[in-house]
Amino acid sequence: MSVPRVLSDRDDRSPALAPRAWLIWSIAAVTIALLTNNPVYRVLVALAAVNVLVAWLPPERNRKPLALGLAAAAILAALVNVLASHTGADVLFRLPVWVPLAGGPITLESLAYGGAMGMGLVAALLAVAPLSLVLEPHDVVDAMPNALERTGIAVATSMNLVSGIGRTFVSVRDAQQMRGWRPRGLRSWNEVLVPVVLTAIEDSVLLAEAMEARGFGAGRRTSYSMSSWTRWDAVVALSALAGALLFIGARVAGVAVDWYPYPTLALPPIQPLLVLGCLALALPAFRRD
Amino acid sequence: MTRARAVALGLAALTLGALASLAPAAPAVPMCAAAGAHHAAVVVEHGDGSVATRCVAFDASDVTGEQLLTQSGIAWSGQTFGGFGVAVCALDGEPARYLDCPGKDNYWAVFVSSGGGAWRLSNVGISSLTLRDGDAEGFRYVPAAGDPVAPASPAGVCPARVAATSGAASAVPPRVTASPGSLGSPSIEGSPSPDSTPSLSPSPSQTLARPSETPPTSTERIAVVAATATVAGPAGSDPSRTPPPSGPDTGLLAASVAGGGLAGLALLRLVVRRRRLR
């Protein structure tokens, strides 16, 4: 029986991409970003993801947290590698040897390798960003395979509880401060943490009862609106999968997909075909307009 | 067949075709090829300046750097680093023992010379290197600090007449096998390889150059091939010993075009989006 598609808040940006196509695209992009440490491929994946996000991101979404998270991840990864790795031929400067871990020569090669690691994090984060910024939570659950449906709901629910615990912590702390509580050492935090934990347990029990009342676990999850699978969804999903398969095949075949800047910095090896695989990820950006 | 299915099948076929083109060249030996049709040189320069050279013959159109080094008969050991490939930890007895690979103070730098050209520093492991007829693989034990200097020139390691005489000389080529993980002497087999894998052998021309009238035993042949050891001259005297800067290749060009295009497109979209919002 065909179910008529009900317009959701996402359908005014037609043509929409099916949630499952988004999921496949994200998995393929993350696979490429993490399968190689070559910064060129990672930059291409990140640029493809940026194009897709710019095309699909609703104007009302706040992009600052994502930008800040990306910058922090990249800088932290580069900094850790620069300070912890002291190999490489081109020494930029030297830190005193008595500095724990960081003491020793700071090299251009370790900076480049740290940058490549940071770019990997940026590419991976941008690859999964559409799942939270473009799709609604129920879309993500819909995109999960049937076998993982319950797991997906459980994970999504527990992720929601994290923000709930944060809100509870702030309210309990404010209430205790109004009663004259001030933080004095670790032991004093008992007066905040115990109410927070008790509230979280109560919230969990309430949520479990509410879900049971709505028939959770009684059968397959039903949807008010069915997302259809169009040709464009298939093209996007298949091209993303093809890109990821190219990288997997290249690694299995022994083609150099990685980059190693030590001992002397050199250009990364680049295969034109793998560049094409990265470009395939930009496909969703071209249907939006 | 619906159009969607046709598109899916087309994409799948394209992916399979692309994967097939990524696979390394098949090592199958052509039916008409004589054993040892191609040659590549191996040059090893130790920390004390002594140099060991080998000329290795092979039938396939190309071999990996790891295969070449193994078949040269020079004892070595290495370690695999993911997609980087195999790094050489110890070579020809140097260092005798090691804890770190690559070593913190000294390491084996790998160089490649294509078609008799100057040495180029390799930034991938020897298992990821592909060498063809006339190429050379060089190793030099260098300090970890500073730019690695290339080993002695491969010129003359594989004489030009090797190619012309290899067909007749390789009737009974000694086959050398060495375990990459061991530093011991490689085992030697006196019979030619019966299988279809790339059959590599030390250059038969070296055997021809031997003044003895009687055919040497397998052990002697290896000894002759391995006997090319000289003391290197000053590093700065040979212009081919400095690694030239590697120019942009097609991959880099493709990546630059793709990256520039994607970045420009993203900027353009952002500008249009801002104008629309205003």
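The values are calculated or read from the model by the stated rules, or taken from the named source; none is laboratory data. Just so it is clear, the structure is predicted and the values come from calculations on it, not from any experiment. Ideal geometry is used to build each Cβ from the backbone, glycine not excepted, and the neighbour counts take in all protein chains shown.
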Does region A:115-125 contain any residue that is assigned by TED's automatic domain parsing to the domain that holds A:ALA21 and over 24 Å from A:LEU281 (Cβ atoms)?
no
The one condition in (1) over 16 Å from B:GLU45 (Cα atoms); (2) surrounded by 19 or more Cβ atoms within 10 Å (Cβ to Cβ); (3) aromatic (Phe, Trp, Tyr) that B:TYR98 fails to fulfil:
(2)
Pick from region B:247-275 the residues that are facing chain A (nearest Cβ under 8 Å) and over 22 Å from A:ALA266 (Cβ atoms): which of them is surrounded by the fewest Cβ atoms within 10 Å (Cβ to Cβ)?
B:LEU270
Filter result (more than 8 Å from chain B (Cβ to nearest Cβ) and assigned to a loop (DSSP other than H, G, I, E, B)) within region A:239-267:
A:LEU265
Subset of region B:85-95 [surrounded by 13 or more Cβ atoms within 10 Å (Cβ to Cβ) and either polar (S, T, N, Q) or assigned to a loop (DSSP other than H, G, I, E, B) (or both)]
B:ASP92, B:PRO95
Qualifying residues in region B:63-84 (those that are in a strand (DSSP E or B) and surrounded by fewer than 24 Cβ atoms within 10 Å (Cβ to Cβ)) - the one farthest from the other protein chains (Cβ to nearest Cβ):
B:SER77
Within region A:232-274, count every residue that is under 29 Å from A:THR107 (Cβ atoms), among the hydrophobic types (A, V, I, L, M, F, W, C) and surrounded by fewer than 23 Cβ atoms within 10 Å (Cβ to Cβ).
4
Count - residues of region A:127-141 that are surrounded by fewer than 16 Cβ atoms within 10 Å (Cβ to Cβ) and either among the β-branched types (Val, Ile, Thr) or part of a helix (DSSP H, G or I) (or both):
2
Among the residues of region A:102-120, are any among the β-branched types (Val, Ile, Thr), part of a helix (DSSP H, G or I) and in contact with a helix residue (DSSP H, G or I) (Cβ under 7 Å, 6 or more places away or on another chain)?
no
